[in-house]
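Below you'll find the structure, written out as structure tokens, and then a few comments.
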4 protein chains.
Amino acid sequence: MPVREMMDSYPATINLDRGLLADAVQATLQCAQTCTACADACLSEQSVDQLRKCVRSNLDCADICDTTARVLSRHTGYDANITRAQLQACIQACTSCGSECHQHASMHEHCRICAEECRRCADTCQTLLHAIG
Amino acid sequence: MPVREMMDSYPATINLDRGLLADAVQATLQCAQTCTACADACLSEQSVDQLRKCVRSNLDCADICDTTARVLSRHTGYDANITRAQLQACIQACTSCGSECHQHASMHEHCRICAEECRRCADTCQTLLHAIG
Amino acid sequence: MPVREMMDSYPATINLDRGLLADAVQATLQCAQTCTACADACLSEQSVDQLRKCVRSNLDCADICDTTARVLSRHTGYDANITRAQLQACIQACTSCGSECHQHASMHEHCRICAEECRRCADTCQTLLHAIG
Amino acid sequence: MPVREMMDSYPATINLDRGLLADAVQATLQCAQTCTACADACLSEQSVDQLRKCVRSNLDCADICDTTARVLSRHTGYDANITRAQLQACIQACTSCGSECHQHASMHEHCRICAEECRRCADTCQTLLHAIG
């Protein structure tokens with residue numbers, strides 16, 4: 001992914017640490033795709049009736065991570081308040097979804113992978129949030 | 001919009017006030033569309049170089065409002081923490097974007113309408129957030 | 001929804017019929033929200049195992065309609081080829097999803113409403129597509 | 001990205017070649033992020049008034065690629081007609097956006113990278129479209 005290359009071709013000032021920012025863009029995109037795929041995999045499980053809450057938290061988490069990746073990919077007219085609030089929503093969605101997926105991790109490999117991605121994404125966003133202050 | 005009709009055909013319990021919820025779904029969808037259109041209108045203004053920050057906050061606000069409308073349209077496996085955090089991000093985005101658009105409201109009718117939509121959306125989300133507690 | 005007001009405040013030329021365009025923006029947004037809500041309602045039905053395909057087509061249709069609403073809300077640097085191709089994808093998604101929802105319409109009110117919205121959205125997009133030529 | 005891992009944990013049949021599918025998911029996600037970043041970089045260029053059409057095609061391409069990545073990440077209730085139509089819209093958006101960015105490639109590194117990503121994404125989607133038939 002040319003996330004860092006694009007950042008380095010941005011013609012004005014970037015107010016955040018580029019390494020942390022690139023990590024968070026990558027993590028949110030990756031988590032969004034994993035959640036979309038996990039929702040779909042749950043939908044095809046025989047035990048779909050026990051995975052209703054899991055599908056729902058996957059759908060929320062995918063939408064919130066996608067939006068966070070977009071907000072973090074923009075540097076023009078930077079507004080720390082928006083970045084901070086969207087990171088907090090993202091950390092919350094990843095924490096809730098990761099915890100839900102974790103409950104099915106021993107049964108379903110897709111939930112195991114998704115729980116891991118959610119935790120990594122929450123951590124990466126938390127690190128960036130701390131750096132913003 | 002059949003927002004309320006769809007809500008009333010939901011087969012399980014909805015944990016929030018249906019009127020406030022339907023208002024917030026409608027307001028976020030409407031604000032998202034208005035922000036997408038305002039970003040595009042700014043892009044075609046002669047004075048586009050003075051509207052860079054406005055375009056950016058419109059793009060963030062459109063993405064965040066769209067995601068909020070989706071989160072609020074789901075009731076299965078309700079998680080108050082996610083709804084709360086996403087509403088807070090939405091209120092922040094609408095406040096920032098509304099304030100930016102307001103600065104161009106006397107020059108550009110699209111910014112005037114957009115500032116108004118952002119303020120209405122922030123208020124409607126705030127009312128719902130209070131109800132969630 | 002101030003769809004038409006925003007269109008009328010656009011500072012440059014709009015290449016399409018404003019009435020048809022505004023109708024299509026409204027229809028795609030409305031269909032997207034209805035599909036998101038229908039996917040969620042299906043997920044809470046006792047018979048969720050018979051609604052797997054319905055949930056999936058709802059999710060695709062919601063994403064495709066949302067993107068179509070955004071493309072149609074932009075007029076700067078108009079490219080008929082993109083608008084045409086995205087409208088065709090939208091008509092296909094609405095036709096497939098409407099037909100799937102129609103099969104459950106007598107059992108589930110949310111599927112009945114959603115089938116109707118999908119058909120209305122497909123028709124409105126078809127009318128705009130014909131006007132583009 | 002665990003795109004392929006998630007695919008391999010899907011509990012039912014996948015109707016398309018997994019390698020081609022994983023390549024297309026990766027390419028569309030990557031192109032979407034690059035387009036979002038390119039729109040933002042253009043917005044901060046001194047010559048923003050000459051990049052209006054470029055920003056617009058970047059925004060369309062980002063939305064269409066994101067939606068395509070989601071459609072391709074789902075396998076439940078597979079409908080070749082939707083996948084085909086969305087791939088065609090994606091190829092069109094990437095071709096238009098890549099051609100627009102290419103015109104600014106010698107001036108702006110972000111447009112050069114973005115033109116390349118758009119072409120790679122169009123090619124990868126074309127290969128998958130051929131395989132679907």
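Here, each number is a calculation from the coordinates, and none is a lab measurement. These numbers were taken from a predicted model, which means no experiment stands behind them. Positions of Cβ are generated from backbone atoms using ideal geometry, with glycine treated the same way; all protein chains shown enter the neighbour counts.
Values computed for the structure shown
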| item | result |
| --- | --- |
| Extreme residue, positive dipole direction of region C:17-132, given options C:Ala27, C:Ile132, C:Cys114 (C-beta unit charges) | C:Ile132 |
| Around C:Asp63: net Lys/Arg minus Asp/Glu count, Cβ-Cβ under 13 Å | -3 |
| Residues of type aspartates and glutamates that D:Lys53 reaches as a straight line, Cα spacing below 12 Å, ignoring anything fewer than 8 places off in the same chain | B:Asp40, C:Asp79, D:Glu100 |
| Cβ-vector label at 7 Å, B:Ser99, separations to other copies in nm | 3.2, 4.4, 5.2 |
| For residues of A:46-54, the mean tally of beta carbons on other chains within 10 Å | 4 |
| Principal-axis tilt of helix D:109-132 within chain D, Cα atoms, nearest 10 degrees | 30 degrees |
| Region C:17-132, dipole about Cα centre (Lys/Arg Cβ +1, Asp/Glu Cβ -1), debye to the nearest 20 | 240 debye |
| For chain A: relative contact order, % (alpha-carbon pairs under 8 angstrom, 6 or more apart) | 30 percent |
| Alpha carbon convex hull of region C:70-133, projected area averaged over orientations, nm² | 4.4 nm² |
| Copies compared at C:Thr127 - label distances in nm, ascending, label defined 7 Å from Cα in the Cβ direction | 3.2, 4.3, 5.3 |
| Nm distances between copies for C:Asn15, ranked from closest, using label points 7 Å along Cα→Cβ | 3.4, 3.7, 4.8 |
| Dipole magnitude of the protein assembly as shown, debye to nearest 20 (Cβ charges: Lys/Arg +1, Asp/Glu -1, about Cα centre) | 0 debye |
| Per-residue average of Cβ from other chains inside 10 Å of C:2-8 | 6 |
| Angle between chain D longest axis and helix D:80-102 axis [Cα atoms, degrees, rounded to 10] | 20 degrees |
| Test item: Cα-centred dipole of region A:86-133, Lys/Arg +1 and Asp/Glu -1 on Cβ, debye | 80 debye |
| For residues of D:19-29, the mean tally of beta carbons on other chains within 10 Å | 1 |
| Gyration tensor over alpha-carbon atoms, region C:17-132, equivalent ellipsoid semi-axes in Å | 27, 12, 11 |
